[in-house]
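Since the structure comes first, as structure tokens, the remarks are kept for the end.
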Amino acid sequence: MTEKHHKLERTFVIIKPDGIQRSLIGEIIGRYERIGLKLVAMKMLVPTADMVSKHYTLDPGWFEAVGQKSIKGFLDKGLTPPTNDPQKLAEDILNRLVKYLTSGPVIAMVWQGAHAVKIVRKITGGTEPLTSDVGTIRGDFVLDSYQMSEFDNRSIRNLVHASGSVKEAEDEILHWFTPEEIVDYKMISEEVLYAPDMKGILGQ
Ligand code: ADP
């Protein structure tokens with residue numbers, strides 16, 4: 001088999017400045033930890049404007065996608081979006097994101113484990129806290145909306161960033177971490193999560 005084992009998948013997460021200010025570091029890390037993911041890199045920093053704009057423009061499709069998603073977020077509630085031009089909306093969103101993410105320290109992390117990208121997105125919840133599922137980080141700990149952030153001309157405050165695909169994760173990890181900052185180590189729990197059999201539990 002030439003394909004990499006699923007357990008080696010990695011994803012990139014940022015606890016945004018509001019997550020730190022709301023004293024939710026332990027809560028957020030705990031949620032990724034308790035599902036069985038392994039933390040393989042972590043650092044606190046105040047990102048520069050350049051780091052943030054590069055991060056969001058690593059994927060050339062991001063502008064169109066974020067613009068479309070936001071317009072849908074308004075239309076689904078019977079509200080009028082600020083513009084029907086996804087590109088124009090996305091430029092505005094990026095400017096607000098730069099202000100948001102450079103406003104204080106953030107924690108950047110790399111999590112590893114089976115289906116890490118999808119599992120972390122599931123635990124994190126949808127972009128808009130008003131409509132994120134109950135039980136997710138964005139659904140349980142914050143109450144922002146497209147409408148309110150538009151009214152105040154700011155970014156949606158949703159505590160966490162998490163990569164949207166394996167490719168995005170690879171690019172984002174390279175953008176935020178050097179290879180030396182990522183630690184290769186074993187966790188005892190990986191035996192029970194991934195070993196093909198569960199031998200060795202009983203007896204001496
Ligand atoms: P996600 O973080 O869920 O992957 P996106 O990549 O679509 O979401 O957007 C990046 C971030 O930009 C969001 O997490 C949110 O903080 C902010 N954001 C997205 N859309 C809007 C919007 N319409 N108004 C204000 N902020 C937004």
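The values are calculated or read from the model by the stated rules, or taken from the named source; none is laboratory data. Note that the coordinates shown come from a computational prediction; the quantities given were computed from them, not determined experimentally. Here the Cβ positions follow ideal geometry from the backbone for every residue, glycine too, while neighbour counts run over all protein chains shown. Quick note on the areas: whole protein, heavy atoms, side chains included, nothing else; ligands and nucleic acids left out. Shrake-Rupley method; radii C 1.70, N 1.55, O 1.52, S 1.80 Å.
Quick notes
- Unique residue being more than 13 Å from the ligand (Cβ to nearest atom) and in contact (Cβ under 8 Å) with a residue 40 or more places away in the chain when the list is 135, 113: 113
- Qualifying residue in the stretch 62-69 (condition: within 16 Å of the ligand (Cβ to nearest atom) and closer than 30 Å to residue 3 by Cα): yes
- Test: residue in the stretch 29-51 that is closer than 19 Å to residue 106 by Cβ and within 12 Å of the ligand (Cβ to nearest atom): no
Yes/no matrix, rows are residues, columns are (1) under 17 Å from the mean Cα position of the chain (by Cα); (2) without any contact (Cβ under 8 Å) to a residue 40 or more places away in the chain:
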{"site": "54", "(1), (2)": "yes, no"}
{"site": "58", "(1), (2)": "yes, no"}
{"site": "62", "(1), (2)": "yes, yes"}
{"site": "68", "(1), (2)": "no, yes"}
{"site": "71", "(1), (2)": "no, yes"}
{"site": "74", "(1), (2)": "no, no"}
{"site": "81", "(1), (2)": "no, yes"}
{"site": "90", "(1), (2)": "no, yes"}
{"site": "95", "(1), (2)": "no, yes"}
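- Check on residue 88, farther than 24 Å from residue 167 by Cα, more than 9 Å from the ligand (Cβ to nearest atom), out of contact with any strand residue (DSSP E or B) (no Cβ under 6 Å at 6 or more places or on another chain) and assigned to a helix (DSSP H, G or I): yes
- Per the listing 54, 69, the residue uniquely touching a helix residue (DSSP H, G or I) at 6+ places or on another chain (Cβ under 8 Å), open to solvent by 90 Å² or more (accessible area, probe 1.4 Å) and assigned to a helix (DSSP H, G or I) is 54.
- Where a residue in the stretch 139-156 is within 16 Å of residue 103 (Cβ to Cβ) and its partner, wherever it lies, is near the ligand (Cβ under 10 Å from one of its atoms) and among the acidic types (Asp, Glu), with Cβ under 7 Å and at least six apart: 156/128; 156/144
- Residues located in the stretch 1-44, provided they are open to solvent by 40 Å² or more (accessible area, probe 1.4 Å) and among the hydrophobic types (A, V, I, L, M, F, W, C): 1, 8, 25, 35, 39, 42, 44
- Selection from the stretch 147-167 of residues that are near the ligand (Cβ under 6 Å from one of its atoms), among the hydroxyl-bearing types (Ser, Thr, Tyr) and within 16 Å of residue 62 (Cβ to Cβ): 155
- Within the stretch 149-194, considering residues that are part of a helix (DSSP H, G or I), open to solvent by less than 70 Å² (accessible area, probe 1.4 Å) and among the aromatic types (Phe, Trp, Tyr), the one modelled with the lowest pLDDT: 194
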